[in-house]
1. Can you tell me which residues in the range 297-314 are more than 21 Å from Leu246 (Cβ to Cβ) and either outside the structural domain of Gly245 (by the TED database) or not hydrophobic (A, V, I, L, M, F, W, C) (or both)?
2. Can you go through Leu185, Leu210, Leu214, Leu241 and tell me which one is hydrophobic (A, V, I, L, M, F, W, C), assigned by the TED database to the domain that holds Tyr277 and either in contact (Cβ under 8 Å) with a residue 40 or more places away in the chain or open to solvent by less than 40 Å² (accessible area, probe 1.4 Å) (or both)?
3. Would you pick out the residues in the range 138-152 that are crowded, with 24+ Cβ neighbours inside 10 Å and in contact with a Phe, Trp or Tyr (Cβ under 9 Å, 6 or more places away or on another chain)?
4. Does the range 221-238 include one or more residues that are open to solvent by 40 Å² or more (accessible area, probe 1.4 Å), more than 30 Å from Lys183 (Cβ to Cβ) and in a loop (DSSP other than H, G, I, E, B)?
5. In the range 293-300, is there at least one residue being open to solvent by 30 Å² or more (accessible area, probe 1.4 Å) and outside any helix (DSSP H, G or I)?
Amino acid sequence: MSAVPPGVLYRKLGGLRFFLLMARNSSKYQLILLALAVALVAGLFLLPKVIVKPKAGKGELAQGAARTANRDNGAAAPSTASVDAMGKPEGATAEQPHMTVAPVQRREINGLLAKYKAEADLAAKLRLATDLADKYKGIEKFDSAGFYLEQVALTRPGEQAWKRAADAYFEAFSFATTEGRQKLLGAKCEELYGRVLKNNPDNLDAKTNLGMALMASSNPVQGITVLREVLAADPKNEKVLYNLGLLAIQSNQFDKAAERFQELTKVNPENVNGQFYLGVALAQTGAKAEARQAFQKAKSLSPDPALAASVDEQLQKLQ
């Protein structure tokens, strides 16, 4: 399976969805390609927006996210999918690609679920919860993984336990394809990363992901504030520099975007995506020679033919 270069992906997805997906892994494209396929097949931009009731607070949203997670149907249940013996969906519509489960994996999960429900010994039950989380991660049902990791954290709380649960929900959040799902899972991320930061206010990775989740909330400015706080504490934080650069591009602040990506490429000259978007930002400011240099650097860092094609397209525009 070939990879999708950032330039192509940005044009296909656009907006916050792109920002979140790129933020998941700034050095590899495999997960991004999966998310792109999800969005294209589902006709993401043709989907109606889910309206969240104005009176629903963060607590209600987070509870809703947890309720959907432990039912094996992170998205709305497909109306035509077949179900297994436990009544859970086996198939998937384009809106629920992560719900497609091979029969062998389904049987393994069903077996673990049965043991989990029947287990009376607490230590054994927690081990089963962890095993279930691993299985769900393996089939990219990250919200279900988050649910079981949260059960572990509720019983044996601590910074790392809460972060494992929060990170799983963040994975689900980054793949959400509707506004309603983003808000539900974003609220859950806020809740759990809040618990992480209560244990350790200096956990910058948790704080970064919290800032990104807040971008999908009713107060996205708060998310930018949190990201800037991380950058103040760690001026060389690649993840934050990258995402602030993307946000600047999205808001057409190309001078600011160029500054962010220049900082990023000074910290790590081999950051392919950073070099590519440095070229994008510089091109928009009119600095064609510098943009050309950044694009060529990005191309030299990766053998990916799709990236090379995207770079060549950008270079053609600079002529």
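The values are calculated or read from the model by the stated rules, or taken from the named source; none is laboratory data. This one's a predicted model, so the numbers in the text were calculated from it and none came from an experiment. Cβ atoms come from the backbone with ideal geometry, glycine included; neighbour counts cover every protein chain shown. These area figures cover heavy atoms from the full protein model, side chains too; ligands, DNA and RNA do not enter into them. Shrake-Rupley method; radii C 1.70, N 1.55, O 1.52, S 1.80 Å.
1. Matches in the range 297-314: Ser300, Pro303, Pro305, Asp312.
2. Leu241
3. Phe142, Asp143, Ser144, Ala145, Gly146, Phe147, Tyr148, Leu149, Glu150
4. Yes, the range 221-238 contains at least one residue that is open to solvent by 40 Å² or more (accessible area, probe 1.4 Å), more than 30 Å from Lys183 (Cβ to Cβ) and in a loop (DSSP other than H, G, I, E, B).
5. no
This table checks each residue for (1) under 24 Å from Phe147 (Cα atoms); (2) at pLDDT 95 or above.
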position: Glu179; (1), (2): yes, no
position: Lys183; (1), (2): yes, no
position: Cys189; (1), (2): yes, yes
position: Lys198; (1), (2): yes, yes
position: Lys207; (1), (2): yes, yes
position: Val230; (1), (2): no, yes
position: Ala248; (1), (2): no, no
position: Asn252; (1), (2): no, no
